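*Asks:* The following block contains the structure, expressed as structure tokens.
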């Protein structure tokens with residue numbers, strides 16, 4: 001696609017320096033690098049199929065939020081105690097001598 005449009009904006013010096021460094025590292029022009037960055041962002045943020053797909057995934061996941069139940073309401077505390085016991089047994093204090 002032929003590029004013919006011009007767009008300009010102000011950058012802080014540190015960001016401009018990072019952009020120039022990235023373009024040199026990629027062995028491309030700043031213009032090409034910016035085009036690729038903007039295209040990637042637009043595709044990710046505004047592509048309708050991605051947005052629709054994310055809505056479906058979110059709806060499916062939300063069915064299960066808060067639905068996992070265990071037998072003990074104190075399972076986290078009990079797990080912490082079990083781990084401490086295992087560590088004590090493995091690295092317990094040795095007697096003098």
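The values are calculated or read from the model by the stated rules, or taken from the named source; none is laboratory data. What you are looking at is a predicted structure, and each value in this text was computed from that prediction instead of being measured. Don't worry about glycine lacking a Cβ; one is built from the backbone with ideal geometry, like all the others, and counts go over all protein chains shown.
*Asks:* Could you tell me whether residue 59 is within 26 Å of the chain's Cα centre (by Cα) and part of a helix (DSSP H, G or I)?
*Replies:* Here the answer is yes, as residue 59 does meet what is asked.
*Asks:* Somewhere in the range 25-41, is a residue at positive phi and free of Cβ contacts under 8 Å to residues at least 12 places away in the same chain?
*Replies:* Within the range 25-41, one or more residues are at positive phi and free of Cβ contacts under 8 Å to residues at least 12 places away in the same chain.
*Asks:* Looking at the range 71-97, I want the residues that are in a helix (DSSP H, G or I) and have a partner that is modelled with pLDDT under 85 with Cβ atoms under 8 Å, at least 6 apart or on another chain. Which pairs are those?
*Replies:* Once the first residue is in a helix (DSSP H, G or I) and sits in the range 71-97, its partners that are modelled with pLDDT under 85 give 78/72.
*Asks:* Another question about this same structure. Check off (1) surrounded by 10 or more Cβ atoms within 10 Å (Cβ to Cβ); (2) modelled with pLDDT under 85; (3) over 30 Å from residue 3 (Cβ atoms) for residue 47 and give me the number that stays unchecked.
*Replies:* Condition (3) is where residue 47 drops out.
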